[in-house]
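Structure first, commentary second.
We did not get these values from a lab; they are worked out from the coordinates using the rules stated. Here the structure is a predicted model, which means the values were calculated and not measured. Here the Cβ positions follow ideal geometry from the backbone for every residue, glycine too, while neighbour counts run over all protein chains shown.
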Amino acid sequence: MAEILKEYNYTPAKLHRGYANKSLYINVGDLSIVEKEVTQWMKDKFVGGKGFDLWYLWNAVTPETKWDSPENEIVMSAGPLGALTQYSGTGKTLVASISPMTGIPIDSNAGGYFGPLLKLSGWDALELQGKADKDVVIFIDGNKGIIRFEEGEEYPEDTHLLAEILTERFAENEDDKVNVAVVCTGSAAKTGYMGMLNFSFYDPRRKTCRYKQAARGGLGTILRDKKIKALVVRFKGVTGNLNDVADLATINRIGIKYHKQMHDLDEKQNRMRTIGTANTVMVMNKYDLLPTRNFQTGGDPETYRIAPEVFVNQFLTQGLHDGCWYGCTMSCAKCADNFLLTSGPYAGTRVTVDGPEYECVAGLGSNLGIFDPQAILEENFYCDTYGIDLISFATTMAFVMECVQRGQVTREQLGGLDLRFGNKDAVLELMHLMSRGEGFGKIAGLGIRRLKKIFVEEFGADEQLLNDIGMENKGLEYSEYCHKESLAQQGGFAMTNKGPQHDEAWLIFMDMVNNQIPTFEDKAYALFYYPMFRTWFGLCGLCKLPWNDIVPADNYKTDVPAKVPEHVQNYVDIFNAVTGMSIDKDELIRQSERVYNFQRVFNLRMGHGKRDEDYPPYRSCGPVSEEEYLSRQELYDKQLVEKQGLDPEKMTLTEKIAATRAYRMDQYEQLMDAVYKRRGWTMNGVPTPEHLKEIGMDLPMLLEVVEPHL
């Protein structure tokens, strides 16, 4: 039994209209605890979820704070709609901190039970600050009103072992395991910057823990720097109205309507309940959107080998609808049971692998030139248990592989690793090195931005080429979409507040396939509306997938099908039914605008957040190499004629590549101007005092930050 370091008793708050009206502050340096009031002002300005996270983080740090400063916090919140059981996708936990990858606030989200159970235990948010002297486990019992610090040195590092042990340790019996949720990371989080957080939920059918991830930006690295081995929450007694909502009948009615849509339409639309998010792999391949060999091309003839049906037929358990919170009929959380590992310290072990998600298949598969489903699932497992951000790892490895392909680094400089496209064994070996902090594994986890600097300064690599092909922005690696032909998505990734992550804007089909936003003004509106709408999910504790992965059968008849108006109204009605408020769809966007602009100013406060950091790597925009141009020469030559009035017959290949680049970057500059204008920012990307006043965020602390940049 681990040593109990300190115990604190509290009276769990009763939720009312979606809020506990209390937040929990823990300093692991001195094991102190403070119960804080959640004020009406906080709700009005920040709503909850990601908004509460950023507000508490702002008050904890200074402009000089680094990711490993003791005052840096990890903040978690479930939002006012979190823990509902009547509507799909209400189990998210939103997490924020100052990122080791970017130096600015990162926000990430995870499914699973932790956020909802934390909220039901009486806490709208959890702040973690300070650094412990030795590893600690923090346990919150929401039924008994106990917060306990226990010594954590004796526990293993890796998630698939640690979460099982802690679930067993803190559950009162086998049946109680479903009431226990664990947040932890893995051994690689201590050796690099791309450590992520695993959020467990116990699956009684499989009798094992399963995991969702808050993966982006190095949150697991921060957790282990603070010497927090794990967080554990236990709450027994989840029922349909612990949020004490204002209008339960409305929530029930809307929930039943949505569940019927899922039942009737899922198999015809995206097959989320059968395949999960990986259902889009072949669609992306068809439309030249599937990143292949470091985003050089948008598909490959070998993609059929990693098609969704391959995973379903060979690996995934049939007939189980796998959700990651109660009441979610989307049930997209697929997993492979009894999967045999072939490498690393757990070789020969049979495990449950949560996945594959789309990002897994595209990132660890096609983007690395690996078209082997067995290898992809094994890479998936080790990313999870070692606590490695799968997206950052995959995009970083693709970059390294192209550096090898183009002679920028050698096998010897990589410690003997043969990191060629398609070499699955080398990829797995690198993961194991990252876990142990050995060889090239010691620096691979630093991410592309730092690797570029190392390759240039120590190995003599071509800096311009590396900047072109290194798919990172603001220090965060790109998620897995090849979008050279979607100007709007280029902006949707590079003009984010936190770095290129698709949870803010995914406009590829609107822009590239359906041509629904042809003008700069159209694109600018889309890059205003959709980031604001998606931000709202993070404020409320919602998963975005139920919004548009299944749509009403008559959605195509609406004025703006991409918005899915019926579902937008669902969210407005549910928010009002929970909180007792009376917002409309316009106020929904305004709620997000307040937090979105707050985060932009937060970036400024930390020394970032202006136009110069909103540019994408050129690989995001167009063909860097001759091979890329030639792979779609007919398209690119046609664009030279139609868009620039040039004659490709009279141009060399080098001239055609240069002309294409000049045109595309000019288009991007014009897009930035239009987007900044629509968002109410200066042409340097700074929110104006007038706009802050218009949205009710002309707070003195914000005006003090923006005024020197006007």
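Summary of computed values
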quantity: Rounded to the nearest 20 debye, dipole of the chain from Cβ charges on Lys, Arg, Asp, Glu; calculated: 1040 debye
quantity: Label-point separation, Gln40 to Glu649 (7 Å along Cα→Cβ), nm; calculated: 7.5 nm
quantity: Dipole of the chain [Lys/Arg +1, Asp/Glu -1 at C-beta], most positive-end residue of Gly492, Ile370, Leu419; calculated: Gly492
quantity: Inter-part distance where segment 438-497 and segment 514-581 are each reduced to a Cα centre, Å; calculated: 30 Å
quantity: D_trans [Stokes-Einstein, Kirkwood Rh over alpha-carbon pairs] for segment 357-463, 25 °C, 0.890 mPa s, µm² s⁻¹; calculated: 180 µm²/s
quantity: Structure-based [θ]222 nm, the chain - -39500 (n - 2.57) summed over DSSP H runs of at least 4, per residue, nearest 500; calculated: -11500 deg cm²/dmol
quantity: Calculated diffusion of segment 287-358, Stokes-Einstein form, Kirkwood radius summed over Cα pairs, 20 °C and 1.002 mPa s, µm²/s; calculated: 148 µm²/s
quantity: Added length on full extension, which subtracts the Cα-Cα distance from 0.36 nm per residue, Gln633 to Ile146; calculated: 168.8 nm
quantity: Dimensionless Rg ratio for segment 556-673, taking C-alpha atoms and the 2.2 N^0.38 Å reference; calculated: 1.64
quantity: Given charges at Cβ of Lys, Arg, Asp, Glu: the chain dipole, positive-most of Asn252, Pro616, Ser23; calculated: Asn252
quantity: Cβ-Cβ FRET estimate between Leu340 and Ala249, R0 fixed at 56 Å, reported to 0.05; calculated: 0.65
quantity: Mean projected area in nm² (Cα convex hull; one quarter of hull surface) for segment 48-188; calculated: 9.4 nm²
quantity: Total charge dipole magnitude, segment 538-589, about the Cα centre, Cβ charges on Lys, Arg, Asp, Glu only, Debye to nearest 20; calculated: 140 debye
quantity: Estimated dipole of segment 607-672 in Debye, rounded to 20 [Cβ of Lys and Arg +1, of Asp and Glu -1, Cα centre]; calculated: 140 debye
quantity: Where the Cα pairs of segment 149-201 fall when distances are cut into 10 Å bins, in %; calculated: 24, 50, 22, 4
quantity: Pairs from Lys92/Lys424; Lys212/Lys424; Lys268/Lys557; Lys190/Lys229; Lys92/Lys286 whose Cα-Cα separation, in the structure shown, is over 22 Å; calculated: Lys92/Lys424; Lys212/Lys424; Lys92/Lys286
quantity: Lys/Arg +1, Asp/Glu -1 at C-beta; segment 266-477 dipole; positive extreme among Cys328, Gln269, Leu290; calculated: Cys328
quantity: Gain on full stretching of the segment that runs from Glu690 to Thr558 - 0.36 nm per residue minus C-alpha separation; calculated: 44.1 nm
quantity: Principal axis box of the chain, alpha-carbon based, largest edge first, Å; calculated: 78, 57, 54
quantity: Protection proxy ranking, peptides 214-224, 557-567, average beta carbon neighbours within 10 Å, highest first; calculated: 214-224, 557-567
quantity: Part-to-part distance (alpha-carbon centres) for segment 651-710 and segment 174-213, which is given in Å; calculated: 40 Å
quantity: Relative contact order %, the chain, counting alpha carbon pairs below 8 Å whose residues are six or more apart; calculated: 14 percent
quantity: Calculated FRET value between Asp666 and Leu710, using beta carbons and R₀ = 35 Å, to 0.05; calculated: 0.85
quantity: Kirkwood hydrodynamic radius over Cα pairs of segment 266-477, then Stokes diffusion coefficient at 20 °C and 1.002 mPa s, in µm²/s; calculated: 121 µm²/s
quantity: Percent of Cα pairs exceeding the 15 Å cut-off, where the set is segment 331-397; calculated: 47 percent
quantity: Per-pair calculated FRET efficiency, R0 = 45 Å: Asn173 and Asp522 via Cβ, rounded to 0.05; calculated: 0.20
quantity: log₁₀ of I(q)/I(0) at q = 0.10, 0.14, 0.22 Å⁻¹ - segment 247-381, Debye sum with one point per alpha carbon; calculated: -0.38, -0.68, -1.25
quantity: Set of segment 18-46 residues, backbone N closer than 15 Å to the point 7 Å along the Cα-Cβ line of Ile583; calculated: 18-19, 40-46
